[in-house]
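**Student:** First the structure, which I've put down as structure tokens, then a few questions once you've had a look.
Bear in mind these aren't lab numbers, they're just calculated from the coordinates by the rules spelled out. Just so you know, these numbers come straight off a predicted model, no measurement behind them. Cβ atoms come from the backbone with ideal geometry, glycine included; neighbour counts cover every protein chain shown.
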Amino acid sequence: MPQPTTQPRLWPLYAGGFLGPFGGAMVTTMLPELSSGLHTSTATAASALTWYMVPFAGLMVVSGTIAARWGEAQTVRRAYVLYAAASAVCVVASSSGPFLLGRALQGAANAFTTPLLISMIAALAPHERMGRSLGTYASMQGAGQAFAPLIGGAAAGWDYRIAFGASALAALVLAVVTPSMGRRETTRPVAGRWGALLNRRLGQVAGTAFTMQFASTGLMLLAALVASDRFGLSPAERGLVVAAFGVAGLLTGTASGHLADRLGLIRVGGSALVLLGVSTGFATDARWLWLLVVLTALAGVAATAVRVLTQTLGVRSTPANPSGAMSATLAVQFLGTAVAPVLLAIYDASAFLAGLATGLVALLGAVLITSGRDEAVPRPRGH
């Protein structure tokens, strides 16, 4: 009688997907408390986001390939320990210098978790459920993005250090429960893996990820401005409008992955990019508040589905170095966040044109990912 196959334990990997965006964005609603507690200016406190993002984005370029030296699971566990230590530095810091150093270390640690978790899910999940599994991961990323300002602000109401202490504890727990990859884990030398990243399909996927992130960030920036300028909403109310993006992604990520498994990645992902482009293009012209919220939520649904596309094709594009491919994809993706503020200059001239430009970038992503033949490539090592 055949023995039942033990399913890999993926929930710790999903939980790690929440911690990454949560750690980056949780400071956005606690700036007054940070400036008071650290005896510094609000501008210096606000730089905590920059101190996190710069090492995060910079190391993301190389983290996946470097991790091949130790193996993905081992690297992720070490990164969680570093993240916990960095969070502890933020807890005990009484001035801006040590606090910002802690934030930089948090970002550096997260650069060695986010792409590797995606690679591990792709390697451990059953082939027929890969899209659904990566959809769940994308949902948790959306949850971290959506709830970080809310949880961070609530913690700051008592003491902002609570948020960092909880992050340290969560990272230590994840360091313990992160599953081993068993025979799938390799520790081959890094040499030779860099060249594998120079392939056309990875370039297409990374470019598509950029368009999705640019459109998503642009939509959130523009939706907040429209909510203020056209509907006169308060900062808290504007935050709720923008939160519709992350909440919608959280609720639909697993379903998006399931659709991708059934109907095909390119079909679902390409359609999602069109939906992202259309909803973003019309959001800045919304004449009713409810319509703005609906369009923002639709963009969140679409962006999460596109993440399933780019994350799956990213690890499949380079079988010799799937972690490095995911690192490269995410590095280019987050460049979209850095570039998106250029839309503000267009918005000053015309809100409609700013939305239209943002939507066209998403549509460009649909053209990019569907151009050429979608080659059948082997799954990452271990399958």
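**Student:** VAL339 to VAL81: extension gain in nm, 0.36 nm per residue of separation minus the Cα-Cα distance?
**Tutor:** 89.7 nm
**Student:** May I pose another question? What residue among GLY257, GLY153, GLY359 has the largest mean-square fluctuation in a Gaussian network model of the chain, using Cα springs under 10 Å?
**Tutor:** Judging by the Gaussian network model, the answer is GLY153.
**Student:** Report the Cα-based extents of region 193-370 along its three principal axes, largest first, to the nearest Å.
**Tutor:** 53, 33, 26
**Student:** Could you run the Karplus curve 6.51 cos²θ - 1.76 cosθ + 1.60 with θ = phi - 60° over region 270-280 and give me ³J(HN,Hα) per residue in whole Hz, x for Gly and Pro?
**Tutor:** Listing the rounded values in order: x, 5, 5, 5, 5, 4, 4, x, 5, 5, 5 Hz.
**Student:** Moving on. Under unit Cβ charges (Lys, Arg +1; Asp, Glu -1), what dipole magnitude, rounded to 20 debye, does region 193-370 have relative to its Cα centre?
**Tutor:** 560 debye
**Student:** With the crude spin-label approximation of a point 7 Å out along Cα→Cβ, what separation in nm comes out for ILE162 versus THR370?
**Tutor:** For ILE162 paired with THR370, the spin-label model returns 4.9 nm.
**Student:** Taking 8 Å as the Cα distance limit and 6 or more residues as the minimum spacing, I'd like the relative contact order of region 11-180 as a percentage.
**Tutor:** Once divided by the residue count of region 11-180, the mean separation gives 41 percent.
**Student:** Place a +1 charge on the Cβ of each Lys and Arg in the chain and a -1 charge on the Cβ of each Asp and Glu, then give the dipole magnitude about the Cα centre in debye, rounded to the nearest 20.
**Tutor:** That gives a dipole near 1180 debye.
**Student:** May I pose another question? In the set (i) 20.2, 71; (ii) 21.7, 67; (iii) 24.4, 87, which value of Rg and Dmax of the Cα atoms in Å was calculated from the structure you see?
**Tutor:** (i)
**Student:** Above 21 Å lies some portion of the pair distances; for region 11-180, what is it as a whole percent of all C-alpha pairs?
**Tutor:** 44 percent
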